[in-house]
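To keep things clear, I will list the structure first and then write my remarks on it.
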Amino acid sequence: MLKQLILTALATILIVNVQAQSDSDVLMTVGDDKVTVGEFRYIYEKNNGKTADYSKESLEEYVDLYTKFKLKVAKARDMKLDTIVSLQQELDGYRTQLANSFLTDREVMDKLMEEIVERKKQDVRVSHILVKVNARGANNLKENARKKLLNFKQQLTEGKTFEELAKSYSDDKNTKDRGGDLGFITASLPDGFYELENVMYNLDVNEVSDPIETKLGFHIVKVTGKREARGKIEVSHIFKKVDKIKKGNINAAKKSMDSIYVALQSGASFEKLASEHSDDKTTKNKGGVLPAFGIAVYDSQFENAAFGLKNAGDITAPVLTSVGYHIIKKIGTPEPQTLAEIKLQFKDKIVRYDRYESAQKAMIEKVKKTSQFREKKNTLARFTKTLDESFYSYKWQPASSIGDDILLSFGPNQDESIRDFANYAKKQTRLRSQFDKSKPLNEAVEDLYEEFVKEKAYAFEQANLENKYPEFKSLMREYQEGILLFEATKINVWDKANSDTVGLYNFYEQNKSKYIFEEQATIGKYIVNTNDEKQVKKIMKCAKKHDSEKTLKRFNKNGVQMLEYTETSVEPGSKELVGLDFKKKSISQPVYDKNNKKTLFKKVVKISPSRRKSLKEARGYVVADYQDQLESQWITALKKKYPVKLNDAVYKALKK
């Protein structure tokens, strides 16, 4: 448990803002180990956080702590603890966990969050033409959809309008009658529409995209407008529902809302009128207040009227929407979300979104470009020719004659064979069984191959994190040295303090005046199973004069347990003494529990004088103090064995 606490403390911050490791001036040497300014700055800022002010007092304290840390690590290496297989495996396990998290955060998550923040600054008006295609359909169906949309785009150059084509051919029934108009929308779009979001933010106004794929199928997209983002707004409203088929109903609602508007203009309370007249049952008793909202949430007439209000307290005239009349009052404008707030909102779910997958693909392509990635598609094609429909079944097994031809390579030292890929494919039973059997085998194999490449690219990038990111190198050094420190301290201090019975006894004898029991009161707690005041008084009178044994014997008889009794020992100041004097036979007032028909009172049974604790009674405290002494002696010996030299000039330059 202690080890886990130490290592958890060492890893509380995965990514920290530190100066680069190129800050290579040597701050101090511990034995043969050189501690650079970069190494010290990293650990100092990480563990001190906002209090890392580089003051004289702060630096002196931390240099002393880090010196002791490095002395123990030096001893651990001399003890060859870094060669123990179980500790190496433990470190490898930590590295895998940290590398996955580090790579995901740095290369994928942070970039996505920053992108969302930037895009939320702008609203974009978009029109589209949709050709529906099953996402898991065969490639030829997808290609046909692309060609169809490319034909539409060609027709635009021949005089057709985007609106005409959308009305005639779009598979989006909700927008085709409006010429494909989706209205103004803003980041982030729902899962499955990241490519549409990318296009709409990258196109100029009146520009039309090439065909793109989303979860619905394929689209061409036209941007028809851009504006500064409206963000979110907080409003309240008074609402009158109308039936547009009945003209009289519309007129009556309009007349009622005009009357309410006049009253508001004369100073009437908006909240009071909302509670009396609004048809919105969810908000009328809350002054008409709606949750804060952004664009594309409500009817466009309602949205435009709300965002058209300039100041808090401003009120619209009655506004007719698709559901009725509204009078809208502006409450305020929430502050835009910060990067930290967006991370908190999206981090857990974004890994399931297509934008995450897209960012992963971009990262993989970047790794391939920077790692001298090489692949032999002919080797993959030969493998594919050996397959039949059983490949889609969980029963499929790679052929024993498959061979070990190189399929792909990352860098000079990471080669993957066709056998490696076949074994990977074998394990992907769930993915293989999900393929539509009408899907050509070469396409299914290609999909699996892409996943295989992604996995191996991640492995390559993770293996090189120390070279690419100085802070990851620092983090891994910290973990490794933390493990070594733990093991060395366990052997030289903690285990020794527990197993050295002679040394522990001698230490106790030399310091036994420290281990004292303070004066204590033994408190007897009586629970009476009645609220009858006369009976309670009778019992308390007996308890005050006699001990618990006699009192219990007198009132617990004939099979009826009238009294329950427990004892506890406490020191002066204990909350158990509330209502009691710190003297023998002091008795508290009764406390009645009417619901459970019980009564509680307490009595000071005896006062025990202060006395010295035996070694058995004080063992936990003695062991802890003995460990402190052993550690102090150990540090003194380590300083003699591993001389510590502080570079005064570099150290002084750190001070602020």
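Each reported figure results from applying straightforward, stated rules to the coordinates on display, with no laboratory input. Note that the structure is predicted; figures quoted are calculated from it, not measured. Positions of Cβ are generated from backbone atoms using ideal geometry, with glycine treated the same way; all protein chains shown enter the neighbour counts.
About its Cα centre, the range 121-228 has a charge dipole of approximately 280 debye under the convention of +1 per Lys or Arg Cβ and -1 per Asp or Glu Cβ, with nothing else charged. Of the residues S275, Y651, S586, the one whose Cα sits farthest towards the positive end of the charge dipole of the chain is S586 (charges of +1 on Lys and Arg Cβ, -1 on Asp and Glu Cβ, taken about the Cα centre).
Listed by chain and number, the lysines whose C-alpha is less than 17 Å from the C-alpha of K656, apart from same-chain residues fewer than 8 away, are K50, K56. Output the pairs from K68/K616; K46/K347; K541/K613; K553/K613 with a Cα-Cα distance over 25 Å in this structure; if there are none, say none. Pairs exceeding 25 Å: K68/K616; K541/K613; K553/K613. Using the alpha carbons alone, the radius of gyration of the range 121-228 stands to its Kirkwood radius in an Rg to Rh ratio of 0.95. Each listed q (0.16, 0.17 Å⁻¹) maps to a log10 I(q)/I(0) for the range 362-506, found by the Debye formula over equal Cα scatterers with no solvent: -0.90, -0.97.
Working from the Cα coordinates of the chain, the gyration tensor eigenvalues give, after taking √(5λ), semi-axes of 64, 49, 28 Å in decreasing order. Taking a straight line from the alpha carbon of K286, these aspartates and glutamates sit under 13 Å away, with near neighbours fewer than eight places off in the same chain left out: E271, E276.
Each listed q (0.24, 0.25 Å⁻¹) maps to a log10 I(q)/I(0) for the range 367-424 from the Debye sum over equal C-alpha point scatterers, namely -0.96, -1.01.
Thinking of the range 221-271 as a set of Cα atoms, what percent of all their pairs are more than 18 Å apart?
Working: 737 of 1275 pairs.
Here the long-distance tail beyond 18 Å is 58 percent of all Cα pairs in the range 221-271.
Annotation: Cα Rg of the range 61-112 relative to the compact-globule expectation 2.2 N^0.38 Å equals 1.65.
Within the set K537/K606; K377/K454; K142/K385, which residue pairs have Cα atoms separated by over 20 Å? Provide the component values of the computation, followed by the final result.
Details: K537/K606 22 Å; K377/K454 16 Å; K142/K385 24 Å.
From the list (K537/K606; K377/K454; K142/K385), the Cα-Cα distance tops 20 Å for K537/K606; K142/K385.
The mean of 1/r over all pairs of different alpha-carbon atoms in the range 112-178, once inverted, gives a Kirkwood hydrodynamic radius of 14.1 Å. State which entries of K34/K640; K120/K473; K111/K468; K490/K655 exceed 25 angstrom in Cα-Cα distance in the structure shown. Those over the limit are K120/K473; K490/K655. Report Rg/Rh for the range 516-612, rounded to two decimals, where Rg is the Cα radius of gyration and Rh the Kirkwood radius. Over the Cα atoms of the range 516-612, Rg/Rh equals 1.01.
Quick one: net charge around A312, please, counting Lys, Arg +1 and Asp, Glu -1 for every other residue with C-beta under 13 Å from its C-beta. Each step should come with its number before you reach the end.
Details: positive: K310, K329, K330; negative: E234, D314.
That works out to +1.
Kirkwood-based Rg over Rh for the range 187-282 (C-alpha set), two decimals?
Values: Rg = 21.7 Å, Rh = 17.8 Å.
My calculation puts Rg/Rh at 1.22.
Quick one: pull the percentage of alpha-carbon pairs in the range 301-451 with a separation above 26 Å. Within the range 301-451, distances greater than 26 Å cover 56 percent of Cα pairs.
Would you mind counting up the charge near K368? Only other residues with Cβ under 11 Å from its Cβ, with Lys and Arg at +1 and Asp and Glu at -1. Result for the local shell: +3.
Set the Förster radius R0 to 35 Å, insert the Cβ-Cβ distance between V205 and K361 as r into 1/(1 + (r/R0)^6), and round the FRET efficiency to 0.05. Efficiency at R0 = 35 Å is approximately 0.80. Straight-line reach from K512: taking Cα to Cα under 12 Å and skipping same-chain neighbours fewer than 8 places apart, the aspartates and glutamates in range are E617, D625. The residues packed around L150, meaning those with a beta-carbon under 14 Å from its beta-carbon, carry a net charge of +2 if Lys and Arg are +1 and Asp and Glu are -1. Gyration tensor analysis over the Cα atoms of the range 234-332 returns equivalent ellipsoid semi-axes of 19, 16, 12 Å (largest first, whole Å).
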